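The values are calculated or read from the model by the stated rules, or taken from the named source; none is laboratory data. What you see is a predicted model; the values in this text were computed from it and never measured. Don't worry about glycine lacking a Cβ; one is built from the backbone with ideal geometry, like all the others, and counts go over all protein chains shown. These accessible areas exclude ligands, DNA and RNA; they are computed on the full protein's heavy atoms, side chains included. Shrake-Rupley method; radii C 1.70, N 1.55, O 1.52, S 1.80 Å.
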Amino acid sequence: MITFLYPWMFLLLVVPFIWRHFMSSVQALEEKALKVPFVSDFKQIANKTPKSIGATDAFNQKRHLIFLSLIWLLLTLAAARPVFLGEPVRTPQNARDILLVTDISTSMLEKDFSYQGNRISRLQAVRAVVSDFVKNRPQDRLGLVLFGTRAYLQAPLTYDHQAVLEVLDSMAAGMAGNSTAIGDAVGMALKTLKNTGESLNDKIIILLTDGENNDGSLNMEQALALAKQEDAKVYTISVGLDGFSFFSSIFGIENDNLENSELTALANSTNGKAFQANNLNALIEVYKTIDEMEPTQKEQAFTRPQIDLYWIPLLAAIILSCLGLILMWRF
């Protein structure tokens, strides 16, 4: 489909008629003055009959008028900015950059969650709930940071949510180490948000862990300061039951204080919120609450790619102008 971005430019088509009208009045006044032909023109006039002179002048005037009219029409077409509109393409609206920072330390194997009467591990519960969260955010750019003793960016920010789901499905507890480096994980997430070439308006980190920061090069105070500096909103989620943990006792990891004051401070200082989930239903409600607090645009928006065509009439006008000059010189 071809349309014009500036259709009002077609009003310029009447400019030559207005100009011709006023110029005719001026010429009429000038013709009243006495004019004496140059002596050098007498010889040329003598070689032509009155009839041939009149016919030649009329032909030249008509030819010039046609050329000028076509050139002006083409220039007006170019000024109206013709474009070719392609098929509508869906574009994301009101999107956010969301990094899912997930603890996969060995303690996440603790089976203190239940589903349909069966005991499941914290990691299994997190995998299922986070996967549903990803599926419900089609307009957002999502990424995934997994951490234990070390933090790894497993999925950079992307609209390819299927890739994020595949990483979630393949993650295993202990693959990043046994301890919990929350500070390093937050630092990795902030670095990812900062280095993203195309930044969206809202930068959100959803940090999920079952313990306290007990490893890594960044402590929680440093992570908090960086988060405030980068203007990122952090939601924190503590998962699991308070008290004795089998896997934590094996690896000597303290895990008896899920109401982590450091996580609460991190969330509150970045305009986020701290949550605690000690069962599957509570974890589902946490992600549902975050989803409601950070609404995404459900209505689809469309745009139509356009190809500029103004250069075609502009090029034609230039060619006609050159041709007209050549004809004037020859005749």
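So in segment 254-288, with the set limited to residues that are over 30 Å from the mean Cα position of the chain (by Cα), of a type in the set (S, T, N, Q) and open to solvent by less than 40 Å² (accessible area, probe 1.4 Å), which one is modelled with the lowest pLDDT? Across segment 254-288, the extreme among qualifying residues is Asn255. Looking across segment 59-78, the residues that are of a type in the set (S, T, N, Q) and exposed (fewer than 14 other Cβ atoms within 10 Å of the Cβ) come down to Asn60, Gln61, Ser69.
Specify the residue that is nearest to the chain's Cα centre (by Cα); the eligible residues are those in segment 108-132 that are of a type in the set (S, T, N, Q) and within 18 Å of Asp169 (Cα to Cα). Going through the qualifying residues, I end up with Ser131. Using the structure shown, decide if Leu190 is modelled with pLDDT of 90 or more, in contact with an Asp or Glu (Cβ under 8 Å, 6 or more places away or on another chain) and farther than 20 Å from Phe133 by Cβ. Against the criterion (modelled with pLDDT of 90 or more, in contact with an Asp or Glu (Cβ under 8 Å, 6 or more places away or on another chain) and farther than 20 Å from Phe133 by Cβ), Leu190 qualifies. Among the residues examined, Ala151 qualifies as open to solvent by 10 Å² or more (accessible area, probe 1.4 Å) and in contact with an Asp or Glu (Cβ under 6 Å, 6 or more places away or on another chain). Regarding Gln306, is this residue modelled with pLDDT under 85 and within 22 Å of Asp202 (Cβ to Cβ)? For Gln306, the condition - modelled with pLDDT under 85 and within 22 Å of Asp202 (Cβ to Cβ) - is not met. Note on segment 166-189: residues that are assigned to a helix (DSSP H, G or I), open to solvent by 10 Å² or more (accessible area, probe 1.4 Å) and within 18 Å of Leu218 (Cβ to Cβ) total 3. Comparison of Val101, Val83 shows that the only residue that is open to solvent by less than 80 Å² (accessible area, probe 1.4 Å), in contact with a strand residue (DSSP E or B) (Cβ under 6 Å, 6 or more places away or on another chain), at pLDDT 60 or above and closer than 30 Å to Leu207 by Cβ is Val101. Cβ-Cβ contacts under 8 Å between residues 6 or more apart (or on different chains), taken from a first residue in segment 218-244 that is farther than 24 Å from Ser114 by Cβ and among the polar types (S, T, N, Q) to a second residue that is at pLDDT 90 or above and open to solvent by less than 40 Å² (accessible area, probe 1.4 Å), are listed as Asn219/Gly183; Gln222/Gly183; Gln222/Gly187.
Of everything in segment 104-148, what is of a type in the set (Gly, Ala, Ser), under 19 Å from Ile290 (Cβ atoms) and open to solvent by less than 30 Å² (accessible area, probe 1.4 Å)? Give them in sequence order. Result: Ala125, Ser131, Gly143. Counting the residues of segment 265-292 that are in a helix (DSSP H, G or I), polar (S, T, N, Q) and closer than 29 Å to Gly117 by Cα gives 2.
Assess whether Ala78 counts as being of a type outside the set (Val, Ile, Thr) and at pLDDT 90 or above. Answer is yes for this residue. Does Ser179 qualify as being touching a helix residue (DSSP H, G or I) at 6+ places or on another chain (Cβ under 7 Å), farther than 17 Å from Leu99 by Cα, touching a residue at least 12 places away in the same chain (Cβ under 8 Å) and of a type in the set (Ser, Thr, Tyr)? No, not satisfied.
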